[in-house]
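Please read the structure below before turning to the comments.
Bear in mind these aren't lab numbers, they're just calculated from the coordinates by the rules spelled out. Here the structure is a predicted model, which means the values were calculated and not measured. Cβ sites come from the backbone with ideal geometry, for glycine too, and all protein chains shown count toward neighbours.
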Amino acid sequence: QKEVEQNSGPLSVPEGAIASLNCTYSDRGSQSFFWYRQYSGKSPELIMFIYSNGDKEDGRFTAQLNKASQYVSLLIRDSQPSDSATYLCAVNRDDKIIFGKGTRLHILP
Amino acid sequence: NAGVTQTPKFQVLKTGQSMTLQCAQDMNHNSMYWYRQDPGMGLRLIYYSASEGTTDKGEVPNGYNVSRLNKREFSLRLESAAPSQTSVYFCASRKGVEETQYFGPGTRLLVL
């Protein structure tokens, strides 16, 4: 079992709708959690990070963390065509950071 | 402030050849990382260095060696390249634990 699991997609969402991306992890000692967006041929760029259980909102993005269930999610409200990309979940314990395989998101105009 | 830089941008090797991928950061970050990315596989951690003078294995270290030359530079060496090492290699750095990573532009490596 990979340490960080994501559904590879593609996830297709109509423009203006809410996109929901999910990630599970196996290491209960994980301390912090990151969501990155990656466009084809580009480097990953940080969208959000979260350390504590609950929700964290930043503009159209909300990260949700449930350490008991070992689950972290990213919600994107009012989805735009520019949100079409691969979304990578990353999990941190001490200095080690492990990524999931990523979920491809396609926003339908 | 260039951030994280990687050289070369693109390289073609023959099986059995060796090469070193270079990475440097000018943000005074303590931790540095090497990842490889293959289609549909996300980023897989090869090696990381929590601080100058220390290195640790990641998920896929076989066939690679690393050197943390100083605080700024972290190199990745392929001693005898294999076609399975064809990939895009990303270097990243961050200031400390629970800080976010910053990525370089990547190196595309093709091993024939």
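Screening residue B:99 on (1) in contact with a Ser or Thr (Cβ under 7 Å, 6 or more places away or on another chain); (2) within 12 Å of chain A (Cβ to nearest Cβ) shows it passes everything except condition (1). Residues that are more than 11 Å from every other protein chain (Cβ to nearest Cβ) number at least 3 in the following strands (runs of 3 or more DSSP E) confined to region A:1-68: A:11-14, A:19-25, A:54-58, A:61-66. Among the residues of region A:26-50, those that are over 16 Å from residue A:83 (Cβ atoms) and loosely packed, with under 15 Cβ neighbours inside 10 Å comprise A:26, A:27, A:28, A:29, A:31, A:41.
Quick check: anything in region A:18-25 surrounded by fewer than 13 Cβ atoms within 10 Å (Cβ to Cβ) and not β-branched (Val, Ile, Thr)? Taking every residue of region A:18-25 in turn, none turns out to be surrounded by fewer than 13 Cβ atoms within 10 Å (Cβ to Cβ) and not β-branched (Val, Ile, Thr).
In region B:27-50, the qualifying residues are those that are surrounded by 14 or more Cβ atoms within 10 Å (Cβ to Cβ) and among the polar types (S, T, N, Q), and the one that is nearest to the other protein chains (Cβ to nearest Cβ) is B:31.
Do the conditions hold for residue B:79, that is, is it among the acidic types (Asp, Glu) and surrounded by 14 or more Cβ atoms within 10 Å (Cβ to Cβ)? No. For region B:99-112, indicate whether the set of residues that are in a loop (DSSP other than H, G, I, E, B), more than 11 Å from residue B:30 (Cα to Cα), touching a helix residue (DSSP H, G or I) at 6+ places or on another chain (Cβ under 8 Å) and in contact (Cβ under 8 Å) with a residue 24 or more places away in the chain is non-empty. Within region B:99-112 (the criterion being in a loop (DSSP other than H, G, I, E, B), more than 11 Å from residue B:30 (Cα to Cα), touching a helix residue (DSSP H, G or I) at 6+ places or on another chain (Cβ under 8 Å) and in contact (Cβ under 8 Å) with a residue 24 or more places away in the chain), the answer is yes, since at least one residue qualifies. Considering region A:81-109, and only residues there that are surrounded by 14 or more Cβ atoms within 10 Å (Cβ to Cβ) and farther than 24 Å from residue B:45 by Cα, the residue that is farthest from the other protein chains (Cβ to nearest Cβ) turns out to be A:107. Can you go through A:13, A:72 and tell me which one is within 26 Å of residue B:57 (Cα to Cα) and surrounded by 15 or more Cβ atoms within 10 Å (Cβ to Cβ)? The unique qualifying residue is A:72.
Scanning region B:18-49 for residues that are without any contact (Cβ under 8 Å) to a residue 24 or more places away in the chain and within 16 Å of residue A:91 (Cα to Cα) returns B:41, B:42, B:44, B:45, B:48. Determine whether residue B:94 is within 14 Å of chain A (Cβ to nearest Cβ), closer than 17 Å to residue B:36 by Cβ, of a type in the set (D, E, K, R) and in contact (Cβ under 8 Å) with a residue 60 or more places away in the chain. So residue B:94 fails the test.
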